[in-house]
Amino acid sequence: MIVRMAKIAVMGPRELLLDVLAHIEHLGILQIDRESKPGQLKEIETVLQSVVLDRESLGQRFLYENLLQKIDGLLAYLPPGVGREYYLDNASIAQFLSEVIGKHLETLRGLDQEQKQLGQTQKELEAARLFLEAISPLFPKNNGKPILDYIGISIRDPQALTELQQHLQQETGKPVAIDTVKGPHAELLGVISAEHDAADLIRKKLSRDLVAEHQLPKELAGLPVPEKITALAAKRAALHDRQQQITAQLATFAHRWQGVYSHVRGWLVVQLSLLNATASVYQTKMCFFIFGWIPQEEVERFSRKLTAEFAGKVTVEEKEILVQELDRVPTALHNPAYFKPFEIFSRILPVPGYSSFDLTPYLGIFFPLFFGMMLGDMGYGFIVSCLGLFLLFRYRKKKLVSDGGKIMVVCGVYAIIFGMLYGEFLGTMGTVLVGLKPLLFDRHETILPMFYFAIGAGVVHISLALLLGGLSARRKGEPREALFKFISILFILFVSLLVATYIFPISKLLHKPLLTGLFIISLLLFLTGGLLAPLEALKHLGNIISYARIMAIGLTSVLLAYVANHLAGMTGSIWLGVLVGILLHGFNVLLGIFAPTIHALRLHYVEFFSKTTERGGREFAPLGKKGNSA
């Protein structure tokens, strides 16, 4: 629901301005309004001016911003954590840090670059170790041959191995041997054995598209393979020790300085917020004026706090919100516990305008209702609720997942309720096993009642959307738009009643009055909505027909459940039948979670929201909340 806001003016002596802003920032419930001006104070209008930062304040803001940027860069080099708590004079410690932060940044930047280089070297040495260990069994095969040099290669195209060997022998005019082995990742590794004077030529002739030579560190050249492996291990150990030293240095630095820098960073954010807020404040030679938005329920507490803090020298006065100011009023949302999880869906859209409606409660009512109408099976609903409970308790600390679990529990309960109305438990299994009977109608046998039920839900949903849209337009001072939406509701109701007379045994005497009423309503639509009013009315009817998807998705679920039970019974084996039933019903549950979710959301986003709410509102961002500034 959209929180009711109040517009207030805070007035007091000019010398208390920064102290008042600091206290407002601490309370974190007032959003300063940049666009409001105290024009109603005619006696001081000639001397009224916006607060402009002097040269000293501008220089201070520049220093604070520069220091804040450097601190953010420095903290990025440190491991997670806040370090020790410090209670120091903020201005003094900020001045000290501005003098030493350059040296600290240089040290941390050097350690970070060295650590990245060590990590890259470690990866190269690890690749070399794996390669040498893989090809080491090949070397004994070459004992006794006049071979002085080995070339390690990775072969990308094993089929070209013979062709490669022949090509190298032709190019060098000397015998060339290629021994291969499977690498640690199933790749083909090899060793080219050749005389020393032919090795350099071979290296130049290797095609990078077919093979790639393994480059080892230069200090390992000339060493036998076993000694190369040993030398690599020693080098990797030395690199690991250096990495541990760097990690220890960073931990020591963080222990000493991270708490200080984090503390000063928070103080800088507050100071910059206050300095920026002064641009939205007006003053005379004697007084200052701060205009802003605050939740209506907080006005009394806010006034009492300021009065007590400044001994009555600061006054808080509530102002009337004019119609032309509604577009500037920020929007804050607050919903009861039941509706709060459904904000997952409503927050995807832009913030609603203050004069509009928060659609979260309507999602909380109609989304599970439509979900239950589509799934409509007691067994499936129980499974969905159990999955929701698992997510809720297993991931209770992850708000997004736990909210999703809560929604699944509610939707599962609705599916159970409609399953009782339809007489369904895992399709027809409930009927076969315990003689379950539908309380409303059987979806599998009677399609038309479900179609009428779905269309009826569409009439109610679309009419409610138009009603809310009309009320929103009325709040904004747009009576013609509001009247058009209200008349559109009458148009939908008259058309629905007229269609009902052809479906249900209602006296044909109602046809003429309904047609006459539709003609009058059409004229009113022309007067309030213009020439395009009939098209808009037909669009509403098309939107209502779209609710037939509730029937279609529900029928799909029923048929899949019937097929699952039928195929399970045809297997001729209890265990095989149970397995087939579990697989097919499991697939139907999975489909029954995603399909109703997608289509229920579509009915809200496309059909409902477009007629109800006005987007493009301003999110409520009070001074001091999460670093917000005016």
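The values are calculated or read from the model by the stated rules, or taken from the named source; none is laboratory data. Please read these numbers as outputs of a predicted model, since none were measured by experiment. With ideal geometry, Cβ positions are generated from the backbone for all residues, glycine too; neighbour counts draw on all protein chains shown.
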Scanning segment 524-552 residue by residue, the ones that are farther than 14 Å from F370 by Cβ, surrounded by fewer than 16 Cβ atoms within 10 Å (Cβ to Cβ) and in contact (Cβ under 8 Å) with a residue 60 or more places away in the chain total 1
Answer with yes or no whether K476 is among the charged types (D, E, K, R) and either in contact with a Pro (Cβ under 9 Å, 6 or more places away or on another chain) or under 28 Å from M551 (Cα atoms) (or both).
no
Whichever residue in segment 296-347 is surrounded by fewer than 16 Cβ atoms within 10 Å (Cβ to Cβ) and polar (S, T, N, Q) and, among such residues, is nearest to the chain's Cα centre (by Cα):
Q296
Extreme residue, nearest to L464 (Cα to Cα), among residues of segment 556-607 that are among the polar types (S, T, N, Q) and free of Cβ contacts under 8 Å to residues at least 24 places away in the same chain:
T571
Looking only at segment 574-581, decide whether some residue is surrounded by 18 or more Cβ atoms within 10 Å (Cβ to Cβ) and modelled with pLDDT of 85 or more.
no
Condition first: modelled with pLDDT under 85 and within 30 Å of D327 (Cβ to Cβ). Can you find one or more residues in segment 53-72 that meet it?
yes
Scope segment 501-557; condition assigned to a helix (DSSP H, G or I), over 46 Å from the mean Cα position of the chain (by Cα) and of a type in the set (F, W, Y); matching residues
Y502, F519
When you look at Y362, is it closer than 30 Å to R549 by Cα and assigned to a helix (DSSP H, G or I), yes or no?
yes
Per-region count, segment 1-29, residues under 36 Å from the mean Cα position of the chain (by Cα) and within 30 Å of P352 (Cβ to Cβ)
15
Single residue of I407, I417 found to be within 18 Å of Y380 (Cβ to Cβ), under 36 Å from the mean Cα position of the chain (by Cα), crowded, with 21+ Cβ neighbours inside 10 Å and aliphatic (A, V, I, L, M):
I407
Looking only at segment 612-623, which residues are in contact with a helix residue (DSSP H, G or I) (Cβ under 9 Å, 6 or more places away or on another chain) and either at pLDDT 80 or above or not in a helix (DSSP H, G or I) (or both)?
T613, E614, R615, G616, G617, R618, P622, L623
Looking at F441, is it closer than 23 Å to T556 by Cα, free of Cβ contacts under 8 Å to residues at least 40 places away in the same chain and either outside the structural domain of E536 (by TED's automatic domain parsing) or among the aromatic types (F, W, Y) (or both)?
yes
